[in-house]
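Beneath this line is the structure, given in C-alpha cells, with notes to follow.
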Amino acid sequence: MTRDDSRDTYRPGEIEEKWQRTWEERGTYRRSDQDLRDAPRPFYNLMMFPYPSAEGLHVGNMYAFTGADVYGRWRRMQGHDVFEPIGFDAFGIHSENFALKVGMHPMELIPRNIANFTRQLRRSGAMYDWSHTVDTTDPRYYKWTQWIFVQLFRRGLAEKREAPVNWCPSCKTVLANEQIIAGACERCGTPVEQRVLSQWFFKITDYAQRLLDNLASIDWSESTKRAQENWIGRSDGAELHFLIQGPEAPARRLRITVFTTRPDTVLGATFMVLAPEHPLVGELTSDARRAVVDAYRAAAAAMDLVSRKKMDKRKTGVFTGGYCVNPATGQDIPVWIADYVLMEYGTGAVMAVPGHDERDFEFATQYGLPIVRVVAESAADPDAPIEQAYLGPGVLVRSGEFSGMDSESAKSAITEWLRARGLGQPRVHYRLHDWCISRQRYWGPPIPIIYCPACGAVPVPESDLPVVLPYVENYRPDESGTSPLARVEEWYRVACPQCGKEGRRETDVSDTFLDSAWYFLRYPSAKRDDVAFDAELTRTWLPVNMYIGGEEHAVLHLLYSRFVTMALHDAGLLAFEEPYVTFRKHGLLIKDGAKMSKSRGNVVVPDHYIEQWGADTFRTYLMFLGPYQEGGDFRDRGLQGPYGFLNRLWETVVPIEELGSAAPDAKLERHLHLTIRKVTEAIATLRYNTAIAALMEYLNAVREGGRRANRAEVEPLVQLVAPIAPHIAEELWQRLGHASSLFDGVTWPAYDAVKATADTVQMVVQVNGKVRGRIVLPRGASQDTARAAAVAEERVGRFLGDSSVSKIVFVPDRLINLVLA
C-alpha cells in the first residue's frame with residue numbers, strides 16, 4: 001500500500017497546535033469548584049511557580065516544569081484526579097530591578113512578562129489548570145498575604161524591633177539571613193553591610209525545634225532535609241555568665257553572657273572577646289582606652305560582612321581596658337573586642353579558650369594572651385608544651401575537682417555546678433534567626449499596619465484589606481533606608497482604626513518570600529474572594545501530594561512555607577502542619593559544561609527549539625539528559641535523537657491500516673511487559689531518562705529487521721510515551737480509534753509480573769572470593785549450567801589454570817564463586 005505522505009508525515013507543529021486547542025476546548029485539565037469538591041482520588045501535583053522577570057522562561061525552568069508535568073500526567077493515567085495549577089511569583093526585587101533597567105513601570109512591565117510566560121508555558125504542553133492561576137501582584141491575592149500577616153501579628157508572631165540587619169547597598173534594602181551567600185547578596189552578589197534599623201520580624205525561632213523534629217517524618221529529598229537541619233543548626237551546650245569587674249559592676253550585677261558547646265573548657269577561658277557592636281562595650285571601656293576602642297568600632301562598622309566573616313584573614317582586635325570574672329576560676333580576665341565576632345551569632349560574645357580553639361589560639365598568640373590547656377588526650381602529661389590548640393575529647397587537667405573526668409561527662413557536671421551558683425544553665429542554641437520580612441522597596445504588598453501615637457502599631461482591619469499598592473511614578477529606592485512609599489504622604493496618612501486619630505501607614509513592603517510561603521494553599525480556592533482558602537477544598541486537596549522544585553530554595557521558600565503552615569495550623573486554620581507530603585528536588589542544567597548564566601551568555605530560551613523541533617521532542621530531550629534529580633548538560637545537537645525516536649514511533653503506528661492484528665510473539669510480549677514495568681518504576685522514582693531508554697529499546701525491538709508491527713505491540717507503547725510526549729501520543733491514540741483522551745480515566749497499561757522479567761541475567765563469577773568475570777545466562781539457570789559457563793569464560797579460565805575446584809558457592813541468578821583446592 002502506498003503511503004499518502006501529506007497525511008502520514010510527522011508534523012509536530014500542526015499536531016501540537018491541534019491538541020493544545022483541543023484540550024482547551026474540551027476543558028481536559030480544567031477543574032470546576034464542584035469537580036474539586038467531588039474528586040474521589042485527589043492528587044495535588046505542584047511545581048514551584050516561576051518568577052516572571054526578564055525576557056521569559058529559560059530552559060532550566062522548562063526542565064523543572066516538564067519533569068513535574070510528566071509525573072502528574074502519569075498519576076492521572078493511573079486514575080488519580082490530578083490537580084496541577086500554575087501561577088506567578090511576580091513581586092520582589094528581581095522584577096523591580098528589571099523594570100528599572102528597562103525603564104518601564106513594574107505595573108506595566110509585569111503583566112507583559114506574565115503574558116509571555118503564559119504563552120511559553122501553554123506551548124510546552126503541560127496540563128496546567130489555567131482556571132486556578134494565581135498572580136502574587138493581584139490585589140485579590142495579596143489581600144490574603146496581608147491577612148496572613150495580621151493572623152501572625154495577633155498571635156504574637158510578628159514583631160517590630162530595632163536590630164542589626166543585613167543591608168544590601170546595591171539593592172538598597174534589608175535582606176534576611178537566608179538571602180545571604182558567603183556574606184554577599186544572593187541576588188546581585190554585592191557584599192552585605194550591617195545597619196541598625198527598626199524592622200518587622202516573624203518569630204520563626206519559636207518553631208525551631210518543631211521544624212527540626214518534623215524533618216524525620218516527611219518524605220523529602222535527603223539533601224534538602226540536611227540543608228534545613230544545618231540551617232536550623234541546633235547546638236546543645238550551656239549559657240555561662242561572666243560578671244563584669246569594676247567599681248560599679250558588683251552592685252549593678254552587669255554580666256557578659258556567652259553560649260558554648262564546650263563548657264568542659266571554661267576553666268581554660270583566659271580572655272573574653274566581644275563584637276564591636278556589643279551593648280556592653282561602652283560600660284567596659286576604660287577612659288584610657290576609649291579613643292582607640294571608638295576608632296576600632298568605627299572601622300568595624302564600615303567593614304562589609306564578607307570581610308568580617310572571612311576565617312583566613314589576620315585577626316585584629318583591641319583591649320577595652322575592662323575585665324570580667326571567669327565563673328569557674330574566679331579569676332579576672334581581660335575583655336577585648338574583635339571584628340570577627342558578630343552580634344548576629346549567639347550572644348555577640350565569645351569566651352576565648354585558646355588551648356582548645358584554633359581561632360582563639362591564633363588571637364592569643366598574636367596579642368600575647370595566656371594559653372592554658374585544660375583537656376588532654378590523657379592525664380599522663382598535662383604539662384606538655386602547647387604548640388597548637390587541642391580540639392579533641394579527652395580528660396580534664398588543671399580543672400580542680402573536675403580533673404581526671406572525661407570531657408563529655410564534664411560538660412554536664414560543670415554546667416550543673418555553675419547552675420547551682422547562679423552562673424550558668426544548660427541551653428539549646430539554634431543557628432536559625434527570626435525572619436526579617438520588611439523591605440524598603442516599592443514592588444511588594446504593603447505591610448498592613450497603621451501606627452497611632454495613642455494606640456501604637458494597629459493591624460489594618462480585615463474588612464479594609466487589601467491595602468492596595470499605589471501607583472508611584474518615582475519608585476527608585478535610595479540610601480535613606482526608607483521605602484519609596486514614604487514619599488507618598490496622601491497614601492500613608494490615615495486615621496487609626498481603633499481611636500480615629502491621625503495615624504501613619506507602615507511604608508515598608510513585605511518580603512516576596514511571604515507571597516510564596518502560602519501560595520499552594522490558595523490554588524484550589526483561587527476563585528473565592530471571601531476567604532483565603534476554602535475549608536472544604538483545603539481538607540480535600542491539602543497538603544500537597546508531590547512538590548518539585550529547586551534545591552536553591554531549601555532554606556528559603558521551603559523553610560518559610562513550613563513555618564507559615566505550622567503557624568496557621570496552631571491558629572486552628574489548617575488541619576495539617578507540614579505543607580508538602582513529598583518533595584523532590586530537580587537537578588541543574590548546564591550548557592557546554594558550565595552553569596547557565598547571563599554573564600556567561602549561555603542561557604537558553606526554549607522558544608526556538610520548540611519552534612524547530614516541537615514541544616514533544618524538547619520535553620523528551622530534557623528528560624533524557626540525565627537523572628532528573630541530578631540534571632545534565634544541554635547540547636543543541638542532542639535534540640536529533642529524541643526527534644528521531646518520536647518520528648520512528650510515528651512511522652511505526654501510521655498508517656493504522658498497515659498494522660497487523662496478531663498478538664505479539666512470546667519473546668516480544670515478554671519485552672513489552674518488561675518495558676511497562678521498567679517505565680512504571682522509573683517514572684515513579686523520577687528516573688525519566690531510564691524510562692525513555694526502555695521505550696527506545698522496545699521500539700527498536702518492534703521494528704527489528706524491518707518487521708511490520710502489530711497493533712497489540714504498539715498501542716501500549718503509545719500509552720507509555722504519553723506522559724513525556726503528550727501531543728503525539730494523543731494523536732496516535734485517536735488514530736488508533738479511541739474517542740477519549742489518554743488523560744481521561746485509567747489508561748496506564750498494566751503488566752504481567754511473570755512476563756515482566758528479563759529472559760537473561762548477568763551473574764558475577766568469583767574465584768576464591770575475588771571477582772574475575774561475568775556471564776550471561778537464562779534466568780533460573782542451574783548451578784551446573786553456571787559452572788560450565790564460568791569455566792568456559794576466557795578471563796575466568798586464566799585464574800583457574802590447572803587447579804581443581806574444591807567447593808562452589810552458588811547464589812541463583814546472582815553469583816557463583818569457585819573455590820580452588
inquiry  = All but one of (1) outside any helix (DSSP H, G or I); (2) open to solvent by less than 30 Å² (accessible area, probe 1.4 Å); (3) under 30 Å from Glu630 (Cα atoms) hold for Gln199; state the number of the condition that does not hold.
reply    = (3)
key: Test: residue in segment 262-283 that is within 30 Å of Gly400 (Cα to Cα), within 35 Å of the chain's Cα centre (by Cα) and open to solvent by 10 Å² or more (accessible area, probe 1.4 Å)   = yes
query = Only one of Arg7, Arg73, Arg3 is more than 26 Å from Arg522 (Cβ to Cβ) and either modelled with pLDDT of 95 or more or not in a helix (DSSP H, G or I) (or both); which?
reply = Arg3
Counted residues, segment 329-353 - those being assigned to a loop (DSSP other than H, G, I, E, B), more than 30 Å from Ile232 (Cβ to Cβ) and in contact with a helix residue (DSSP H, G or I) (Cβ under 8 Å, 6 or more places away or on another chain) = 1
request  = Could you grab the pairs with beta carbons closer than 8 Å, sequence gap of 6+ or different chains, first residue in segment 226-244 and on the phi > 0 side of the Ramachandran plot, second one open to solvent by 40 Å² or more (accessible area, probe 1.4 Å) and among the aromatic types (Phe, Trp, Tyr)?
outcome  = Gly233/Tyr430
request  = Residues being under 16 Å from Phe319 (Cβ atoms) and open to solvent by less than 40 Å² (accessible area, probe 1.4 Å): count how many of those fall in segment 352-375.
outcome  = 6
query = Across segment 39-70, what is the total count of residues that are of a type outside the set (A, V, I, L, M, F, W, C), at pLDDT below 95 and in a helix (DSSP H, G or I)?
reply = 2
Within segment 117-170, tally of residues that are part of a helix (DSSP H, G or I), touching a Gly at 6+ places or on another chain (Cβ under 9 Å) and open to solvent by 30 Å² or more (accessible area, probe 1.4 Å) = 2
task = Determine which single condition Gly79 fails, assuming it passes every other condition in (1) under 26 Å from the mean Cα position of the chain (by Cα); (2) open to solvent by less than 30 Å² (accessible area, probe 1.4 Å).
result = (1)
message = Can you tell me how many residues within segment 539-554 are modelled with pLDDT of 95 or more and surrounded by 19 or more Cβ atoms within 10 Å (Cβ to Cβ)?
response = 9
note = Result of the Cβ filter at 7 Å on segment 781-792, keeping first residues that are β-branched (Val, Ile, Thr) and partners that are open to solvent by less than 70 Å² (accessible area, probe 1.4 Å), at least 6 apart or interchain, is Thr785/Leu777; Val791/Gly797; Val791/Leu800
query = What pairs come up if the first residue lies in segment 442-467 and is over 13 Å from Ile148 (Cβ atoms) and touching a residue at least 24 places away in the same chain (Cβ under 8 Å), the second is part of a strand (DSSP E or B) and among the aromatic types (Phe, Trp, Tyr), and their beta carbons are under 7 Å apart, counting only those six or more places apart or on different chains?
reply = Ala457/Tyr451
ask   = On the given criteria, is Gly456 of a type in the set (Gly, Ala, Ser), surrounded by fewer than 22 Cβ atoms within 10 Å (Cβ to Cβ) and under 31 Å from the mean Cα position of the chain (by Cα)?
value = no
request  = For segment 763-802, name all the residues that are over 30 Å from Lys667 (Cα atoms), part of a loop (DSSP other than H, G, I, E, B) and open to solvent by 60 Å² or more (accessible area, probe 1.4 Å).
outcome  = Asn768, Asp802
inquiry  = So Gly626 passes all but one of these: (1) closer than 30 Å to Thr757 by Cβ; (2) outside any loop (DSSP other than H, G, I, E, B). Which condition number does it fail?
reply    = (2)
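The values are calculated or read from the model by the stated rules, or taken from the named source; none is laboratory data. Source: prediction; values computed, not measured. Cβ coordinates were reconstructed from backbone atoms using ideal geometry, including for glycine residues, and neighbour counts include every protein chain displayed. Areas reflect the complete protein model, heavy atoms only, side chains present, ligands, DNA and RNA absent. Shrake-Rupley method; radii C 1.70, N 1.55, O 1.52, S 1.80 Å.
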